[in-house]
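What follows is one structure encoded as C-alpha cells, with my remarks underneath.
The values are calculated or read from the model by the stated rules, or taken from the named source; none is laboratory data. On a predicted model such as this, the values are computed, not experimentally measured, just so you know. Here the Cβ positions follow ideal geometry from the backbone for every residue, glycine too, while neighbour counts run over all protein chains shown.
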C-alpha cells in the first residue's frame, strides 16, 4: 500500500509526464500541419503543371489532328493559325506566302483576331509584314520574337510579333505570325510550338505534293484519252489501209463480171434489134396476108432465131450469175465494214473463214493454191464475225504477201474436247520469219512489207481483237519454209 | 513502434497493477523518452521490449505471456478507436483475413511510414485457419493476445497454437487458430 503522500507524488509525476506528452503532441501536430501545408502547396503546383501539360498535350493532339485531316492547304493554315493564336493568347495572327510562285490556294491579306476571327485587314497585315524579316524562301529554324516599333500606336494591345517560317519547296515559304501582349510569350510555349514544326511542315508539303499529283493525274488522264482517240484513229486507218489493199482485188472481182455483163447486154441489144426487124417483117407479111409456116421458118432461119433465143437465155443466166457475184462481194464487204461493232454472238468460224477467203480471194487466186479443209460440223464459237473476218483477211493477205512467187495456203482445224478449245491453223509456204522478226511480229507499226504496202498495224490490231476474244495465238515460222499461225478459241461452256 | 501502443501499455499497467507499478517500470528501464508518450509520435521499438521485460521480471510473468496479456487487453481499446469500416466483422477468421486489406490500410492512412506485420494464409477450413506471421519485431505472442481479444469481442471460443516460432529456432512463425 502506498501512503497518500506517495500517491500524490506519483500523480504529480504522472501529470508532469502528461503535460510534457501534450506539449510533444502539440509540437508534433504543428509539424504535421506544416507538412500538410507544404504538401498541399506542392500538390497545387503539380496540379497546375499537370493542367498546363494537359493543355499543351491537347494542343499538340488537336494540331496533329488538323495536319492529318483532309483540310486543304488554306483550310489547314487557317485552322492551325487561329488555334496557335488561341494557344499563345495572341491578339492577332495570320499566314503569309513568300514565293516567286503564286499558290492560288493561299489567300493574302487575311488576318485572324479574337474579336473578328478571319477577315481582311490590309493595315494589320502590313504591320505584320513590316516586322517580318525574311528573304524569299529563307527557312528560319526557330520562332523569332520581334518588338513592335510603335506598339501603342499600331496596336494598343500588342507589343511583340512572333513568327516562324515553313519552307514548302525551294521557291516557297509560308510565315505564321502572331501579335502578342507582354504576358503571353513564354519560352515553354514556344518549345511546344516547335514540337509541331516538323509535322506541320510535312503536312503542308504533302498537300502541295497532292496538288501536284492531282495535276499530273489530270494530265495523265488527258493523255490517256488522247491516246485512246489516237488508237481508235489508228485502228480506223488500218482498216482503211486494208480496204485500200483489198480495193484493187475487189475492183477486179467486180470489174470482171461487170465487163461481161456489159458486153452481154450489148449483144442482147443487138439481138433486140434483130428481133425488132424480124417482127416488122412478120407484121408486113401478116398485113399482106402472105405469111405461112414455110415463110416463117425461112424468116427464122434468116434471122437465126433459134440461136438468138438460146444465146439470149445463156447471156441472161451469165449476167444473173455475174450480178450475184457482185452482190456476194458487196455483202462480204458489208460484214467487213461492220467490224467495229463490238457485239459477240454464237458464230460459225468456218463461215467466217470462207467469207474472208472470198474478200481476200483476189490476192490468192492466180499464184496460190488454197486448201481450206474445214469440216462442216465444227463447233460454234462466241465472237464478232466481222472482227474475226478482218483478222483472217489480214492473215490471208499477209500469207499471200509472204508467197510473192506463189505457194500454198493451208487452213486446218483441231478440236480439243478435254480443254474445250477449237484451234485454227493458217499455214503458208512463204519466206518465213527469223526469231527477231517473230519477236516484233505483234508490235504496232512493225512491218516487213515495202513502203506503201503495209501500215504495220495489221497484226497488232488483229492481236487486240483476238485478245478480246480470249484467243491464244502461237506462231511457228522457219525462214524459207513458211509460217503457221495457230489460233486457239475457247469453246462456250 | 507507434505511440498509441505505449500510451495504451501505460493505461494497461496502471489499470492492472496501479500507478506505482508504471513508475517502477520507468525507473527500472531508464528509457530515452523518459516514459513520456503521445499517440501522435513514434518511439524506438526497444522501449516496448524493455518495458515488457521489466513487467515480466517485476510480475514474474514470461515475456511471451506479458505480450499476450497486453495484446488481449489492447484489442478492445484499438477496436474502439478504429474507423467505422472495421466494425462490420463478427467472426475471427473473417476479421483476420481482412486485417491486411482493411485494418492495415486504415492504419497506413494515418501513419504512412508505419511498420506492420504481414499475414500469409496457408490453410483454412470451417474451424481452423493457419497463417504465417511475418514481422521483424517477432511479436507473435502479442499477435496471439490480439486474436484472443478479438475472439472475446465477437464472442467466439478459440485456441491459438504456434505451429512454428522464430523464438524457438524455427525460420518463421506460423500460427493456427481453431474454433472450439
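Being modelled with pLDDT of 80 or more, within 26 Å of residue A:57 (Cβ to Cβ) and crowded, with 18+ Cβ neighbours inside 10 Å narrows it down to one residue among A:128, A:145, A:162; which is it?
Step by step, each of A:128, A:145, A:162 is checked, and only A:162 is modelled with pLDDT of 80 or more, within 26 Å of residue A:57 (Cβ to Cβ) and crowded, with 18+ Cβ neighbours inside 10 Å.
Within the range A:392-407, is even one residue assigned by TED's automatic domain parsing to the domain that holds residue A:350, in contact with a strand residue (DSSP E or B) (Cβ under 7 Å, 6 or more places away or on another chain) and within 20 Å of residue A:470 (Cα to Cα)?
Checking the range A:392-407: at least one residue is assigned by TED's automatic domain parsing to the domain that holds residue A:350, in contact with a strand residue (DSSP E or B) (Cβ under 7 Å, 6 or more places away or on another chain) and within 20 Å of residue A:470 (Cα to Cα).
Answer yes or no as to whether residue A:419 is surrounded by 13 or more Cβ atoms within 10 Å (Cβ to Cβ) and in the same structural domain as residue A:473 (by TED's automatic domain parsing).
no
Return yes when residue B:61 is surrounded by 15 or more Cβ atoms within 10 Å (Cβ to Cβ) and without any contact (Cβ under 8 Å) to a residue 12 or more places away in the chain and no when it is not.
Taking the combined requirement at face value, the residue satisfies it.
Going through B:56, B:39 one at a time, which residue ends up being part of a helix (DSSP H, G or I) and either touching a helix residue (DSSP H, G or I) at 6+ places or on another chain (Cβ under 7 Å) or modelled with pLDDT of 95 or more (or both)?
From the options B:56, B:39, the qualifying one is B:56.
Collect the residues in the range B:30-42 that are surrounded by fewer than 19 Cβ atoms within 10 Å (Cβ to Cβ) and away from chain A (no Cβ under 11 Å), keeping them in residue-number order.
Answer for the range B:30-42, where residues must be surrounded by fewer than 19 Cβ atoms within 10 Å (Cβ to Cβ) and away from chain A (no Cβ under 11 Å): B:30, B:32.
Only one of these is surrounded by fewer than 16 Cβ atoms within 10 Å (Cβ to Cβ) and more than 18 Å from residue B:45 (Cα to Cα): B:91, B:113. Name it.
After ruling out the rest, the residue left standing is B:91.
From A:344, A:387, grab the single residue that is touching a helix residue (DSSP H, G or I) at 6+ places or on another chain (Cβ under 9 Å), at pLDDT below 85, farther than 30 Å from residue A:274 by Cβ and crowded, with 17+ Cβ neighbours inside 10 Å.
Of the residues listed, the single one that is touching a helix residue (DSSP H, G or I) at 6+ places or on another chain (Cβ under 9 Å), at pLDDT below 85, farther than 30 Å from residue A:274 by Cβ and crowded, with 17+ Cβ neighbours inside 10 Å is A:387.
One line per residue, one yes/no per condition, for (1) within 14 Å of chain B (Cβ to nearest Cβ); (2) in a helix (DSSP H, G or I); (3) at pLDDT 90 or above; (4) surrounded by fewer than 11 Cβ atoms within 10 Å (Cβ to Cβ):
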| residue | (1), (2), (3), (4) |
| --- | --- |
| A:25 | yes, yes, yes, no |
| A:29 | yes, yes, yes, no |
| A:38 | no, yes, yes, yes |
| A:42 | no, yes, yes, yes |
| A:46 | no, yes, yes, yes |
| A:60 | no, yes, yes, no |
| A:66 | no, yes, yes, no |
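Which one is farthest from residue A:21 (Cα to Cα) among residues in the range B:4-24 that are more than 12 Å from every other protein chain (Cβ to nearest Cβ) and exposed (fewer than 15 other Cβ atoms within 10 Å of the Cβ)?
Result: B:16.
What number goes with the only condition from (1) loosely packed, with under 15 Cβ neighbours inside 10 Å; (2) more than 14 Å from chain A (Cβ to nearest Cβ); (3) outside any loop (DSSP other than H, G, I, E, B) that residue B:27 does not pass?
(2) is the only condition that residue B:27 fails.
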